[in-house]
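Working notes, beginning with the structure itself.
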Number of protein chains: 2
Amino acid sequence: MTHCYMTFTILKRRLAHYLRTPIHNLVSPQTDVSLLCWVRSVRKHKDIIFVDLSDGLSSHRLQAVIHASLWDPKKAPISAGCSVRISGDLVQSPGQNQQLELVTKELDLVGECDAAKYPFRPRKTYNIDLERNFQHLRPRMEKYAAVHRVRNRLTQAAHAYFQELDFCQIQTPILTTNDCEGAGETFLVNHIDDLKPTSPSPPTPPSSLEKVAPKSPAPPPTYFPSQCHLTVSSQLHLEALVHSISRVYTIQSAFRAENALSRKHLCEFTMLEVELVTESVDTIVSITEELIKRMWLSVREMEDFKTLGEDWRDAVDTALAKTFVRISYDDAVKELQGKQLTHPLTWGCDFKVEHENLLLEFSQGRPLVITHFPAKIKPFYMATKDGEHGRLAECFDLLLPVGGEVVGGSMREMDRDKLLESIQQASIKGLEWYVELREFGSVPHGGFGLGVDRLLQYFTNTHNIKETVPFPRWQKHCQA
Amino acid sequence: MTHCYMTFTILKRRLAHYLRTPIHNLVSPQTDVSLLCWVRSVRKHKDIIFVDLSDGLSSHRLQAVIHASLWDPKKAPISAGCSVRISGDLVQSPGQNQQLELVTKELDLVGECDAAKYPFRPRKTYNIDLERNFQHLRPRMEKYAAVHRVRNRLTQAAHAYFQELDFCQIQTPILTTNDCEGAGETFLVNHIDDLKPTSPSPPTPPSSLEKVAPKSPAPPPTYFPSQCHLTVSSQLHLEALVHSISRVYTIQSAFRAENALSRKHLCEFTMLEVELVTESVDTIVSITEELIKRMWLSVREMEDFKTLGEDWRDAVDTALAKTFVRISYDDAVKELQGKQLTHPLTWGCDFKVEHENLLLEFSQGRPLVITHFPAKIKPFYMATKDGEHGRLAECFDLLLPVGGEVVGGSMREMDRDKLLESIQQASIKGLEWYVELREFGSVPHGGFGLGVDRLLQYFTNTHNIKETVPFPRWQKHCQA
C-alpha cells in the first residue's frame with residue numbers, strides 16, 4: 001500500500017496546482033495570483049476602476065485595482081454579475097476597507113452580464129416573491145449564498161458529532177410502501193408507463209360508444225407490486241437497523257403533501273433522524289440539546305453573519321447559553337390555562353401556534369422542551385406510561401423561536417403485543433415487518449427527527465423556510 | 001458565549017455517562033461494565049456458558065463468561081439473536097481468541113429470539129434470495145452490518161475530502177420538473193388526491209352507457225402546476241449553484257425507472273455529484289482519482305474486512321497503488337478492434353458490457369478512465385471539441401472491476417447559443433432556466449457523478465448492488 005500513499009501525496013500536490021486558491025486563503029502579499037470569479041460591484045474613476053471579486057467559497061471579497069488601459073468598456077462592459085479571469089499581484093492595500101488588493105496585470109471578461117436584463121443589482125433589496133421567481137439565479141445574491149454555506153457547515157458539524165459518538169449513517173430509502181406517521185399526506189410514485197392510458201380514449205360521442213364498451217379493461221401495469229410513495233420519515237427503517245447497529249442516523253429528504261401554506265412548511269424538506277439503543281427519553285433530549293449547541297458553535301464564527309445579521313447572532317448566543325428549559329405537557333397546560341387565550345385549551349388537546357408562542361414567552365426565548373404528551377395525540381409507535389389523566393407518551397417536542405417545532409422524539413414501544421394493538425387501533429396496514437422487529441432480540445430504543453431547514457431558519461433568522469433551500473417545493477410550486 | 005461553551009463541556013460529560021461505552025472501546029481491564037447488546041453465538045459447557053456479544057458499532061465482539069447459576073434456561077432461553085442487559089468485570093482472558101472477557105455478575109434477558117422462527121443461524125450461509133426476503137432482519141447478519149459500516153466511513157471520507165478543498169454541500173431537490181439526461185425513464189409524482197377518480201367508475205354494462213356519456217370530464221386536480229418527477233441527477237441544479245459558489249457537491253438519492261434487471265442497477269441509488277469552476281476535464285479526472293483513493297484509504301483499515309474478505313482488500317490495494325489508466329475513446333476503439341468480439345464495434349457506438357470487460361482486462365484490473373467520447377452518444381450539456389472523426393465530448397467515464405461504470409463526468413457547455421442549439425436538437429422542453437444560467441456571468445465549469453453503491457460494491461467485492469443498501473428498490477420490488 002506504500003505506493004498508493006505516495007501517489008496520494010503526489011495527487012494532493014497536483015490538485016493544489018489545478019485548483020485556484022480560494023479568495024479567503026489569500027492572506028499575504030504574493031505575485032502572480034490568478035482567479036476565475038465574479039464581479040460583485042464596480043466603482044469607476046477616471047483612470048482606474050475598483051472591482052470587488054467573489055468566488056463564492058466564503059463571504060470574503062477581494063478588491064482588484066484595474067488600470068483603464070487594461071479595460072476597454074466599449075468592447076467588454078465589466079459590470080456587477082459578470083465573470084472574469086484575472087491575474088496580478090496581491091499587495092498591501094492603502095485603502096481602509098481591506099488589508100490586501102489585487103493590482104491587476106491581466107484581465108479577461110469570461111461571461112458578460114447584461115445589467116438591463118439581470119434581475120438583481122448590488123446593494124438593492126427586492127420583494128421576496130420576486131426573488132423566488134428566479135430560483136435559479138438568486139444564489140448569486142449574497143444572502144442566499146451565505147445561507148447555503150451556513151447549512152453546509154452545520155450539516156458537517158452534525159456528522160462530526162454523531163461520528164464521535166460512534167453512530168453509523170444509514171442509507172434509508174425514499175421510495176416506500178409504508179406511511180410512518182399514518183397521516184396519509186403522502187406523494188404517490190408511478191412509473192411513466194403506469195399513467196399512460198391502455199388505449200387512446202378521445203372524448204366519446206354517443207354514436208361511437210359501441211366501439212369502446214365490450215372490452216374488459218386490463219389492470220394497469222405497475223412498476224412496483226403495490227402502491228409506493230415518498231417517505232414521510234426514515235424512522236421505521238432506522239428502527240430496523242438499530243436492532244443490529246445500536247446507534248444510527250440519517251440526513252435526507254422527507255416529503256409531506258401538505259396543503260397548509262405556512263412560513264414553516266415545505267413539501268420536500270431535510271430531516272436529520274436518529275435512533276439508538278437507550279433506556280430513557282432524557283438521554284435522547286440530552287443528545288438533541290448537545291447536538292444543537294454543537295451545530296451552533298460550528299457556524300457562529302462564520303463571516304457570513306455579517307450578511308445575515310450580527311445582532312441575531314448575539315440573540316442566539318444568549319438563548320443557547322444555558323441548558324434548554326424542560327417542562328411536562330401537564331405543566332405546560334397549567335401554565336397556559338392562566339393566560340388569555342383565543343383558542344381555549346383543555347388537557348388532551350395538541351398545542352396550536354398561539355399556545356406554542358406563549359410557551360416560548362414562558363421560556364423567555366430559550367429553547368423549550370415539552371415532554372410526556374397524552375398518548376392519544378401522538379403516533380402509534382411511542383412507548384407509554386401511566387399519568388394522572390391517562391396514558392402519556394415517553395416523548396418530547398423541542399420548540400425554538402423562528403423555527404417553531406424543530407425536533408420531535410420519543411422512546412419506541414418495544415413490546416410486540418402492545419405495538420400490534422396500537423397499530424390495529426390506528427387501522428394501519430402493511431406493518432407486519434415492523435412488528436416482527438420486536439420478535440427477535442427486541443431492545444429498548446428511541447430517537448428523534450430534527451428539521452434541518454427549520455433549525456437553519458432559527459440560526460440565520462430567516463423568516464420563511466422557502467429561503468433556506470435553493471429550490472423550495474410547496475403546493476403549486478415546483479420550478480426547475 | 002462563555003456560558004454556552006461551559007454547558008457544552010458539561011453535557012459532553014453527561015452524555016458519556018448516559019451512553020454505554022462501545023465494545024470496541026473496551027480495551028483494558030475494568031470493573032462494573034454494563035452493556036445492552038445482542039448475543040451472536042452461544043457455547044454451553046456444564047457449569048458455564050460462553051457468549052459472544054455485539055453492539056453492532058463495529059465488528060468487535062466481546063466474550064462473556066456466564067456461570068450456570070446466573071442463567072436458568074427454562075425461564076429464559078439465551079440463544080443467538082436475543083438481546084441482553086449484562087454487567088460484570090472486564091478481565092484478561094485465558095483463552096487464545098480474545099484479550100479480554102466479561103466475567104458476568106448480572107444478566108437480564110431483554111428480548112428473546114425464537115430460534116425456530118428466526119430465519120438466520122450463526123455461521124450458516126443462505127441463498128441470497130432468501131436473505132433478500134428478510135430485508136428488515138438481514139442487517140442482523142454480520143456481513144450486512146459490515147457493508148453499512150463501510151458505507152458510513154467512506155461517505156464521511158468524501159465529506160472530509162470536499163470540505164478540505166473548500167467545496168460546499170448543497171441541498172438539491174429530489175422533486176423536479178426537468179429530466180437531466182433526457183432519457184425519460186423517470187418516476188412520476190402525484191398528490192394522493194390527483195389519482196382519485198372524480199366520480200366512481202364501475203364496469204359499465206352497455207345498458208347504462210347513457211349515464212356516463214355526456215359529462216365532459218373535469219381536468220384532474222394537480223398538486224403541482226405541471227407534472228413532477230423524481231430527479232435522475234442533481235447536475236443541472238448544481239450548475240445553478242456553481243455560478244455563485246464555485247465548488248459544490250451533493251450526496252443523495254437519484255432515481256431511474258429502469259426496466260433492466262442487472263446486478264449493477266437499482267431504481268433508487270446514491271449519487272455523489274460534484275460541480276466546480278474549472279477549465280479542464282483533466283482537473284475533474286484528477287479530483288475523481290484522488291477522491292476514490294482517499295475513500296479507499298479511509299476504509300481499508302476497518303476490521304470489517306475480516307468479514308468481507310482480506311484477499312479482496314489486497315487486490316484493491318494493488319489496483320489503486322498506481323495512477324489510474326487513462327485512454328481516449330479513439331484508442332479504446334482501436335484496442336478493441338484487434339480482439340475477437342461477439343458484438344462488433346465501429347467508431348461512434350457506445351461500449352457494451354463485453355467491451356467494458358475487455359477494456360478492464362487491458363488495464364489489468366486497474367481503474368480505467370476513458371475520455372473524449374463521440375458527442376452524439378453523450379448528453380446535450382457536454383462541452384465539445386473537434387476530433388479526427390467528428391465532434392468529441394470533453395468527458396470521461398471511469399470503469400472499475402465489479403462495479404463497472406462508477407463515474408461519468410464532463411466539462412459543460414458554457415456558451416448560451418451552442419447550448420440552446422443542443423437542447424433544440426434533442427427536443428428537450430422546460431430548460432429555459434438552465435439556458436439562462438449562461439446569460440449572466442457564465443463560467444467554464446464541469447463535474448462528475450459517482451455511484452456510491454457501485455463504488456461500495458467494488459470496495460467490498462459485493463457481487464450484486466442489492467446487497468449494498470438496507471432496503472433496495474428495483475423493478476417489482478419495494479418491501480417495507
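The values are calculated or read from the model by the stated rules, or taken from the named source; none is laboratory data. Every value quoted in this text rests on a predicted model; they were computed, and no experiment measured them. Glycine gets a Cβ as well: all are built from the backbone with ideal geometry, and neighbour counts include every protein chain shown. Accessible surface areas use protein heavy atoms only, side chains included; no ligands, DNA or RNA. Shrake-Rupley method; radii C 1.70, N 1.55, O 1.52, S 1.80 Å.
Numbers at a glance
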| quantity | calculated |
| --- | --- |
| Selection count where residues are farther than 24 Å from residue A:462 by Cβ, open to solvent by 20 Å² or more (accessible area, probe 1.4 Å) and either without any contact (Cβ under 8 Å) to a residue 40 or more places away in the chain or in a loop (DSSP other than H, G, I, E, B) (or both), scope segment A:328-356 | 15 |
| Among residues of segment A:100-152, those that are of a type in the set (D, E, K, R), farther than 16 Å from residue A:304 by Cβ and open to solvent by 60 Å² or more (accessible area, probe 1.4 Å), counted | 10 |
| Count of residues meeting criterion [touching a Lys or Arg at 6+ places or on another chain (Cβ under 9 Å) and without any contact (Cβ under 8 Å) to a residue 60 or more places away in the chain] in segment A:88-117 | 8 |
| Hits in segment B:405-430 (condition: of a type in the set (S, T, N, Q) and either in contact with a Lys or Arg (Cβ under 6 Å, 6 or more places away or on another chain) or part of a helix (DSSP H, G or I) (or both)) | B:422, B:424, B:425 |
| Top-ranked residue in segment A:132-183 [being in contact (Cβ under 8 Å) with a residue 60 or more places away in the chain and among the acidic types (Asp, Glu); ranked as farthest from the other protein chains (Cβ to nearest Cβ)] | A:181 |
| Residues located in segment A:162-176, provided they are touching a helix residue (DSSP H, G or I) at 6+ places or on another chain (Cβ under 9 Å) and farther than 18 Å from residue B:157 by Cβ | A:165, A:172, A:173, A:176 |
| Filter result for the condition that a residue is among the basic types (Lys, Arg), within 25 Å of residue A:263 (Cβ to Cβ) and in the same structural domain as residue A:277 (by the TED database), over A:438, A:391, A:366, A:416 | A:366 |
| 2 or more residues open to solvent by 50 Å² or more (accessible area, probe 1.4 Å) and among the polar types (S, T, N, Q): qualifying strands (runs of 3 or more DSSP E) within segment A:28-72 | A:30-44 |
| Hits in segment B:431-458 (condition: farther than 14 Å from residue B:236 by Cβ and in a loop (DSSP other than H, G, I, E, B)) | B:439, B:441, B:442, B:443, B:444 |
| Given (1) within 19 Å of the chain's Cα centre (by Cα); (2) in a loop (DSSP other than H, G, I, E, B); (3) polar (S, T, N, Q), number of the condition residue A:125 does not satisfy | (1) |
| Residues located in segment A:375-396, provided they are under 29 Å from the mean Cα position of the chain (by Cα) and farther than 19 Å from residue A:445 by Cβ | A:377 |
| Which listed residue is touching a Lys or Arg at 6+ places or on another chain (Cβ under 8 Å), under 30 Å from residue B:462 (Cα atoms) and either open to solvent by less than 70 Å² (accessible area, probe 1.4 Å) or within 14 Å of another protein chain (Cβ to nearest Cβ) (or both), from B:366, B:438 | B:366 |
| Filter result for the condition that a residue is within 11 Å of chain A (Cβ to nearest Cβ), of a type outside the set (Ser, Thr, Tyr) and closer than 24 Å to residue B:457 by Cα, over B:266, B:276 | B:266 |
| Near pairs, Cβ below 7 angstrom, 6+ apart or cross-chain, from segment A:301-327 (touching a residue at least 40 places away in the same chain (Cβ under 8 Å) and more than 9 Å from chain B (Cβ to nearest Cβ)) to any residue that is surrounded by 15 or more Cβ atoms within 10 Å (Cβ to Cβ) and aromatic (Phe, Trp, Tyr) | A:316/A:296; A:316/A:459 |
| Segment A:404-435: number of residues that are small (Gly, Ala, Ser) and within 9 Å of chain B (Cβ to nearest Cβ) | 1 |
| Considering residues of segment A:230-263 that are facing chain B (nearest Cβ under 8 Å) and in a loop (DSSP other than H, G, I, E, B) only, the residue nearest to residue A:415 (Cα to Cα) | A:243 |
| Check on residue B:313, over 20 Å from residue B:368 (Cβ atoms) and basic (Lys, Arg) | yes |
| Residue B:96 vs. criteria open to solvent by 80 Å² or more (accessible area, probe 1.4 Å), away from every other protein chain (no Cβ under 13 Å) and under 25 Å from residue B:146 (Cα atoms) | yes |
| Selection status of residue B:311, farther than 30 Å from residue B:442 by Cβ and open to solvent by less than 20 Å² (accessible area, probe 1.4 Å) | no |
| Condition check for residue A:396: within 14 Å of chain B (Cβ to nearest Cβ), closer than 26 Å to residue A:294 by Cβ, open to solvent by less than 20 Å² (accessible area, probe 1.4 Å) and touching a residue at least 60 places away in the same chain (Cβ under 8 Å) | no |
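Here's the yes/no breakdown for (1) within 13 Å of chain B (Cβ to nearest Cβ); (2) in contact (Cβ under 8 Å) with a residue 60 or more places away in the chain; (3) surrounded by fewer than 23 Cβ atoms within 10 Å (Cβ to Cβ); (4) of a type in the set (A, V, I, L, M, F, W, C):
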{"site": "A:442", "(1), (2), (3), (4)": "yes, yes, yes, no"}
{"site": "A:456", "(1), (2), (3), (4)": "yes, yes, no, yes"}
{"site": "A:460", "(1), (2), (3), (4)": "no, yes, no, no"}
{"site": "A:465", "(1), (2), (3), (4)": "yes, yes, no, yes"}
{"site": "A:469", "(1), (2), (3), (4)": "yes, yes, no, yes"}
{"site": "A:472", "(1), (2), (3), (4)": "yes, yes, yes, no"}
{"site": "A:480", "(1), (2), (3), (4)": "yes, yes, yes, yes"}
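Residue-by-condition table, conditions (1) in contact (Cβ under 8 Å) with a residue 24 or more places away in the chain; (2) in contact with a Ser or Thr (Cβ under 7 Å, 6 or more places away or on another chain); (3) buried (at least 23 other Cβ atoms within 10 Å of the Cβ):
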site: A:237; (1), (2), (3): yes, yes, yes
site: A:241; (1), (2), (3): yes, no, yes
site: A:244; (1), (2), (3): no, no, yes
site: A:247; (1), (2), (3): yes, no, yes
site: A:258; (1), (2), (3): yes, no, no
site: A:285; (1), (2), (3): yes, no, no
site: A:294; (1), (2), (3): yes, no, no
site: A:298; (1), (2), (3): yes, no, no
